[in-house]
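One structure below.
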Amino acid sequence: MFKFTKFFSTKTTPQSEPIPGTHQVPNSAGGHAWQLDDWARLDRFLVLGCEGGTYYVGERELTIENAKIVQRCIAADGVRTIDRIVAISDAGRAPKNDPAIFSLAMAAKLGDEPTRRAAYAALPKVCRIGTHLMHFADFAQGFGGWGRGMRKAVGAWFNGKPAADLAFQLAKYQARDGWSNRDLLRLAHPRAASPSHDRLFAWAVKGELPDGAAEDPACALIVAMTELNKMDDVLKGAQLIRERRIPRECVPTQWLTFPDVWDALLDSMPMTAMIRNLATMTRVGLVTSQSAAANKIAAQLRDPQRLAKARVHPIGVLSALMTYKSGRGARGSATWEPVASIVDALDAAFYASFGVIEPAGKRMLLALDVSGSMESGTVAGVPNLTPRVASAAMALVTAATERDHTFIAFSAASGGHGGTWGGGVPGITTLSISPRQRLDDVVKTVGALPMGGTDCALPMIWAQKHRVDVDTFCVYTDNETWAGSVHPAQALRAYRDARGIPAKLVVVGMTSNGFSIADPNDAGMIDVVGFDTSTPPVIADFARA
Ligand code: CA
């Protein structure tokens with residue numbers, strides 16, 4: 001008998017060819033995968049951005065590719081696009097807000113009339129602080145000038161804030177990336193909503209508080225700032241900072257070397273600023289082992305409600321942990337002695353920043369793609385945080401929730417630099433990492449694993465061969481699979497048949513390309529976005545159902 005099916009079958013197809021009868025497309029690696037629809041790609045872009053590109057696609061091309069997706073979504077359904085932007089930005093689900101701001105600017109300038117209106121209405125929800133608004137203005141400039149809608153919306157942004165809040169924004173974020181409040185107010189030229197707003201606008205534009213400001217409670221912060229600039233007694237200055245809640249950005253630079261000043265700042269420091277300034281507060285001697293400041297910071301870092309309210313993203317925490325633990329800054333020659341209780345609290349904050357996740361109580365196989373391509377690009381522009389190591393951190397969140405889990409790392413059995421390691425199983429390394437370990441150790445362990453080609457079917461093949469019972473496979477990958485003799489979706493179906501388990505597959509996408517190994521026509525497979533804070537609960541819900 002001539003084995004026709006050796007060459008053409010829906011059950012076993014090499015990854016270099018599409019599965020017959022499906023809509024698979026070539027991926028960037030010479031393999032085949034499914035193409036995500038534009039809405040799924042929009043989500044990937046909003047969460048993952050495109051900074052640094054991928055192993056296969058440069059930063060420029062990836063940006064253009066994603067911008068075109070946003071454009072298509074705006075054309076297909078502008079209001080739906082804005083709803084997605086607001087949902088992801090407002091809940092703090094993405095490591096960075098810039099993809100959301102960029103997409104909103106595009107909708108505001110390129111959308112039809114209802115889309116523009118919705119985009120401008122969403123401006124305060126997406127652009128919550130002065131920096132965001134300046135980025136919005138900069139992006140919008142790329143798609144057109146300052147029309148009436150833009151002027152009105154930016155003016156409404158300033159007028160919509162209560163005067164005291166506006167004073168804080170104006171003082172703290174005076175200028176960013178070539179834009180200033182002065183520029184924005186001059187271009188938007190809003191009529192002030194109140195006499196207080198009028199005084200604050202005057203200060204932002206002319207740099208001087210007008211008459212009557214000294215008696216206006218809304219101007220108190222700016223009055224205090226002006227006073228602080230004239231002082232030379234550090235202790236008195238620190239007292240003023242504490243009383244008037246003056247933010248760090250408004251404190252003269254030469255004062256930022258004194259522990260008393262930082263202690264005063266810490267009193268009302270927002271969480272994200274606190275996390276960013278841990279090294280400085282340690283260097284100046286405020287944060288030492290068992291100091292009151294260290295205890296206070298550690299307690300705040302372990303508080304899930306505070307983390308949620310401040311929209312602290314786990315990637316920001318992970319980045320802070322890696323830098324803080326290293327004892328030296330990424331730029332410059334600053335060094336410090338990391339305090340153990342802070343390092344431990346950052347580790348706890350990483351898990352706490354995902355909120356409460358109900359365990360699914362299923363048997364999970366957490367499979368990390370450690371192939372060479374996962375080592376390219378950085379997550380949210382964080383130095384040394386590649387998709388490869390960051391995916392380990394993401395998987396640990398599910399590991400911390402689900403008692404019954406196994407970790408493996410995979411590349412390919414052959415091809416590329418692949419080979420045999422990890423106890424003689426080709427392309428697979430069983431990993432003994434655990435949420436009880438500190439994140440920076442896990443990152444180091446995963447970073448040191450050998451790299452190789454890519455075969456995303458290996459986790460299912462491995463589990464079948466070794467008779468491992470799995471209810472849900474979670475594969476953390478860039479979906480650039482190419483090296484296998486069978487597609488991942490086919491390997492999953494073979495596993496189901498062989499083990500008699502209706503196993504599911506969650507594909508956690510780690511880059512903003514357009515591919516997925518999940519078969520969209522199989523209800524037992526889904527594609528989710530890595531580094532989205534809502535991903536671990538989605539995985540649990542899908543596994544449970
Ligand atoms: Ca790869």
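Taken together, the values in this text are just the output of simple stated rules run on the coordinates, not laboratory data. Keep in mind that what you see is a predicted model, and the values were worked out from it rather than measured. Because the Cβ atoms are built from the backbone with ideal geometry, glycine has one as well, and the counts that use them run over all protein chains shown.
Distance from the alpha carbon centroid of region 505-526 to that of region 1-76 works out to 10 angstrom. From its DSSP helices (H runs of at least four residues, each -39,500 (n - 2.57)), the chain gives a residue-normalised ellipticity at 222 nm of -14500 deg cm²/dmol.
Computed 3J(HN,Hα) for region 465-477, one whole-Hz value per residue from the Karplus formula 6.51 cos²θ - 1.76 cosθ + 1.60 where θ = phi - 60°, is 4, 9, 6, 8, 7, 10, 8, 9, 8, 10, 10, 9, 7, glycine and proline marked x. For N384, no residue 5 or more places off, or on another chain, has a built amide H under 5 Å of its own.
Which order do the peptides 487-498, 114-125 take when ranked by the mean count of other beta-carbon atoms within 10 Å per residue, highest first?
487-498, 114-125
At a Förster distance of 35 Å, what's the computed FRET efficiency of E227 paired with S194, Cβ-Cβ distance as r, to 0.05? According to the calculation, E is roughly 0.90. Across region 207-219, rounded Karplus estimates of 3J(HN,Hα) from the backbone phi angles (6.51 cos²θ - 1.76 cosθ + 1.60, θ = phi - 60°) give x, 9, 7, x, 4, x, 5, 4, 9, 8, x, 5, 9 Hz, Gly and Pro being marked x. Taking only Cα atoms, what is the 0 to 90° angle, nearest 10, from helix 535-544's long axis to the longest principal axis of the chain? Rounded to the nearest ten degrees, it is 40. Both radii were evaluated on the Cα set of region 358-544; the Rg over Rh quotient, with Rh as the Kirkwood radius, amounts to 0.92. Remark on M525: its backbone amide H falls under 5 Å from those of L505, a criterion applied only to residues 5 or more positions apart or on other chains, H modelled at 1.01 Å from N. Along region 342-358 the Karplus relation, 6.51 cos²θ - 1.76 cosθ + 1.60 evaluated at θ = phi - 60°, assigns HN-Hα couplings of 6, 4, 5, 5, 5, 4, 5, 4, 4, 5, 5, 6, 8, x, 8, 10, 6 Hz to successive residues, with x for each Gly and Pro. Ranked by the mean number of other Cβ atoms within 10 Å of their residues, highest first, the peptides 90-99, 243-252 come out as 90-99, 243-252.
In a simple Cβ point-charge model (Lys, Arg +1; Asp, Glu -1; nothing else charged), the chain has a dipole of about 280 debye relative to its Cα centre. All distinct Cα pairs of the chain go into the 1/r average, and the inverse of that average, the Kirkwood radius, is 25.4 Å.
Per residue, the convex hull spanned by the Cα atoms of region 103-164 amounts to 72 cubic angstrom. For region 35-195, the Kirkwood radius over C-alpha pairs fed into Stokes-Einstein at 20 °C and 1.002 mPa s yields D = 133 µm² per second. A cut-off of 5 Å between modelled amide H atoms, ignoring neighbours fewer than 5 places along the same chain, links G31 with no other residue. Projected label points at A299 and Q35, each 7 Å from Cα along the beta carbon direction, are separated by 5.7 nanometres. Pairs K296/K362; K125/K206; K96/K465: which exceed 32 Å Cα-Cα? Violating the 32 Å limit, Cα to Cα: K296/K362; K96/K465. Of all aspartates and glutamates in the structure, the ones whose alpha carbon falls short of 18 Å from that of K444, not counting any fewer than 8 places away in one chain, are D344, D347, D369, E375.
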